[in-house]
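Participant: Here it is, the structure in full.
The values are calculated or read from the model by the stated rules, or taken from the named source; none is laboratory data. The structure displayed is predicted, hence computed values, not measured ones. Using ideal geometry, Cβ is built from the backbone for each residue, glycine included, and neighbour counts are taken over all protein chains shown. Ligands, DNA and RNA are stripped out before the accessible areas are found, and what is left, the full protein with its side chains, is counted by its heavy atoms. Shrake-Rupley method; radii C 1.70, N 1.55, O 1.52, S 1.80 Å.
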Protein chains: 2
Amino acid sequence: MITARALPGLPEVRAGDDLAALLTTARGALDPGTSGFAAEEVLVVAHKVVSKAEGRTVALADVEPSARARELTERLGGDKDPRHVEVVLRESVEVVRAEGGILITRTHHGFVCANAGVDASNVARDGELILLPADPDGSARALRAALPGHPAIVIADSFGRAWRHGQCDVAVGIAGLAPLEDWRGRTDAHGRELRATWIATADQAASAADLARGGKDAGEPAVLVTGLERHVTVENGPGAQALVRIRAEDLFS
Amino acid sequence: MITARALPGLPEVRAGDDLAALLTTARGALDPGTSGFAAEEVLVVAHKVVSKAEGRTVALADVEPSARARELTERLGGDKDPRHVEVVLRESVEVVRAEGGILITRTHHGFVCANAGVDASNVARDGELILLPADPDGSARALRAALPGHPAIVIADSFGRAWRHGQCDVAVGIAGLAPLEDWRGRTDAHGRELRATWIATADQAASAADLARGGKDAGEPAVLVTGLERHVTVENGPGAQALVRIRAEDLFS
């Protein structure tokens, strides 16, 4: 059985805050009398609180948009702020699509997503942007090490999909959870080889966790997931980088 | 709290089987003493058992590949059977990509996925292919109507993603669950408008359910999900068709 339970809301997270301490307190509030985490649990944390604690925010007022950002903003034809576009470009190695108000790029981490994951919602101050963590797998490893009981960590963000409406949460940083489960070459119940069966376990865990939140306005950035014991590893493992399809194998950029 | 529990394995499903009766028996076996489903539960069912019960299978021996299927098989350069490619083409309105052994098409339903969802694994007889249901939303509605207690239904399949390794389960048919939750235009905890927040609830439910299975060889096609009450609707709703990004809005075909 899989269970996913949102931890009670954290206080507003600020740069330099001890996120591990805040999460540990919230864990205790979820089950009074409980102290710390279990090693077989998976804690899914919205990237925004990780980025805020790490100071990965940018004040729009401090950004001077480049000529390229101004040109791209005009081309996008939406209501984007050229300073926002400038920050997206700084976080990206490549613009994948820019049309109809939609800006999809490949980030320095290799993720292909809207606006390089740079987001303006759920920011404490107006005119502040939240970036993805610079090294989300490193952030996940640090959080795992700092949390009592050392649960597996998934740092999640909501990504759109090329051919489907809406967004699903995916893993942008992972420590201690196998990102993928490979059934290719194994056999099915009839002894026939399973062909294209390579499960993105950590992305599915991020999606399951998102369902447990009260909503995008509920202020519940952390969700405790149980039942994934067979995917939890003592080693931190390859992280979310293992989920990135590299540019050379990308059929759609 | 979200919970996801796999129902005990079904017997091998054959064309004409009463899938609702098989699922009801399995539901009883999960919690002995329980009879039927609750209306606020969501039953996620792998498309394969739905397709099998509906007779949506094709024997390879009965397929004569067209010239186009032979040409495409050659171009793919993998180990595909031209008869399999022929069936994929019959299920498709458009080939989206065909290279390096990978065949991605747009199905008659509008789904963009590998091999039009036509799969050779977990088939009882060698040389048999399983198609997606012809009308998966209709299949979901029929299953909901037939099950005692009328739980919401998600018919799921595993789809790859353009820029990420591995597959996640998504909803190909839905009855009684809101496919999407729209937070666009609503405000965050700070009163700022949430921009790109449009959650693919039903796809995330399919992914959560997949995590509860013992594995692709476990023969556990059905998973009971609780905790999604606020997304369950009395009406069957728009179904998985609401998740399809139409061709005109597709930036990546």
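Participant: Search the stretch A:1-22 for residues that are within 11 Å of another protein chain (Cβ to nearest Cβ) and pair each with any residue that is of a type in the set (S, T, N, Q) when their beta-carbon atoms are under 7 Å apart and the residues are at least 6 apart or on different chains.
Facilitator: Listed pairs, sorted by first residue: A:Met1/B:Thr3; A:Ile2/B:Thr3; A:Thr3/A:Thr226; A:Thr3/B:Thr3.
Participant: Looking only at the stretch B:105-117, which residues are of a type outside the set (S, T, N, Q) and without any contact (Cβ under 8 Å) to a residue 40 or more places away in the chain?
Facilitator: Selection gives B:His108, B:Ala116.
Okay, residues lined up against (1) open to solvent by 60 Å² or more (accessible area, probe 1.4 Å); (2) over 22 Å from B:Arg186 (Cβ atoms); (3) among the aromatic types (Phe, Trp, Tyr):
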residue: A:Ala53; (1), (2), (3): no, yes, no
residue: A:Ala67; (1), (2), (3): yes, yes, no
residue: A:Leu76; (1), (2), (3): no, yes, no
residue: A:His84; (1), (2), (3): no, no, no
residue: A:Glu91; (1), (2), (3): no, yes, no
residue: A:Val95; (1), (2), (3): no, yes, no
residue: A:Leu129; (1), (2), (3): no, no, no
residue: A:Ala145; (1), (2), (3): yes, yes, no
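Participant: Which ones in the stretch B:202-230 are more than 7 Å from chain A (Cβ to nearest Cβ) and under 22 Å from B:Gly110 (Cβ atoms)?
Facilitator: Selection gives B:Ala202, B:Ala206.
Participant: So is A:Arg141 under 19 Å from A:Asp18 (Cβ atoms) and either within 12 Å of chain B (Cβ to nearest Cβ) or buried (at least 17 other Cβ atoms within 10 Å of the Cβ) (or both) or not? Please lay out each step first, then the result.
Facilitator: Working: under 19 Å from A:Asp18 (Cβ atoms): yes; either within 12 Å of chain B (Cβ to nearest Cβ) or buried (at least 17 other Cβ atoms within 10 Å of the Cβ) (or both): yes.
Taking the combined requirement at face value, the residue satisfies it.
Participant: State whether the residues of the stretch B:150-170 include one that is of a type in the set (Gly, Ala, Ser), in contact (Cβ under 8 Å) with a residue 60 or more places away in the chain and on the phi > 0 side of the Ramachandran plot. Break it down stepwise before answering.
Facilitator: Keep residues of the stretch B:150-170 that are of a type in the set (Gly, Ala, Ser), which gives B:152, B:156, B:158, B:160, B:162, B:166.
Filter once more, keeping what is in contact (Cβ under 8 Å) with a residue 60 or more places away in the chain: B:152, B:156, B:162.
Now drop any that are not on the phi > 0 side of the Ramachandran plot, which leaves none.
Looking through the stretch B:150-170, none of the residues is of a type in the set (Gly, Ala, Ser), in contact (Cβ under 8 Å) with a residue 60 or more places away in the chain and on the phi > 0 side of the Ramachandran plot.
Participant: Right, something else. Within the stretch A:28-43, how many residues are open to solvent by 50 Å² or more (accessible area, probe 1.4 Å), farther than 14 Å from A:His150 by Cα and either among the hydrophobic types (A, V, I, L, M, F, W, C) or in contact with a strand residue (DSSP E or B) (Cβ under 9 Å, 6 or more places away or on another chain) (or both)?
Facilitator: 1
Participant: Being at pLDDT 95 or above, away from chain A (no Cβ under 14 Å), closer than 27 Å to A:Ile199 by Cβ and open to solvent by 50 Å² or more (accessible area, probe 1.4 Å): is that true of B:Ala134 here? I'd like the intermediate steps shown before the answer.
Facilitator: Details: at pLDDT 95 or above: yes; away from chain A (no Cβ under 14 Å): yes; closer than 27 Å to A:Ile199 by Cβ: yes; open to solvent by 50 Å² or more (accessible area, probe 1.4 Å): yes.
Considered against the rule, which asks whether it is at pLDDT 95 or above, away from chain A (no Cβ under 14 Å), closer than 27 Å to A:Ile199 by Cβ and open to solvent by 50 Å² or more (accessible area, probe 1.4 Å), B:Ala134 comes out as yes.
Participant: Taking the stretch B:212-227 as the region of interest, how many residues are open to solvent by less than 20 Å² (accessible area, probe 1.4 Å) and farther than 21 Å from B:Gly28 by Cα?
Facilitator: Going through the stretch B:212-227 one residue at a time, the tally reaches 1.
Participant: Please specify each residue of the stretch B:6-27 satisfying the condition of being over 11 Å from B:Ala222 (Cα atoms) and open to solvent by 20 Å² or more (accessible area, probe 1.4 Å).
Facilitator: Of everything in the stretch B:6-27, those that are over 11 Å from B:Ala222 (Cα atoms) and open to solvent by 20 Å² or more (accessible area, probe 1.4 Å) turn out to be B:Pro11, B:Glu12, B:Arg14, B:Ala15, B:Gly16, B:Asp17, B:Asp18, B:Ala21, B:Thr25.
Participant: For the stretch B:97-114, name all the residues that are open to solvent by 30 Å² or more (accessible area, probe 1.4 Å) and either under 23 Å from B:Lys52 (Cα atoms) or among the charged types (D, E, K, R) (or both). Before you say what the answer is, go through the steps one by one.
Facilitator: The first filter runs over the stretch B:97-114 and keeps only residues open to solvent by 30 Å² or more (accessible area, probe 1.4 Å), leaving B:97, B:99-100, B:102, B:108, B:114.
Across the stretch B:97-114, the qualifying residues are B:Arg97, B:Glu99, B:His108, B:Ala114.
Participant: Of the numbered conditions (1) surrounded by fewer than 19 Cβ atoms within 10 Å (Cβ to Cβ); (2) at pLDDT 95 or above, B:Arg125 satisfies every one except a single condition; which is it?
Facilitator: (2)
Participant: Follow-up question, since we're still on this one. Output the residues belonging to the stretch A:164-178 that are part of a loop (DSSP other than H, G, I, E, B) and either farther than 18 Å from A:Ala140 by Cβ or open to solvent by less than 10 Å² (accessible area, probe 1.4 Å) (or both).
Facilitator: Looking only at the stretch A:164-178, we keep the residues that are part of a loop (DSSP other than H, G, I, E, B), and these are A:165-166, A:176, A:178.
Listed by number, the residues that qualify are A:His165, A:Gly166, A:Gly176.
Participant: Could you list, in sequence order, the residues of the stretch B:231-251 that are out of contact with any helix residue (DSSP H, G or I) (no Cβ under 8 Å at 6 or more places or on another chain) and facing chain A (nearest Cβ under 10 Å)?
Facilitator: B:Ala242, B:Val244, B:Arg245, B:Ile246, B:Arg247, B:Glu249, B:Asp250, B:Leu251
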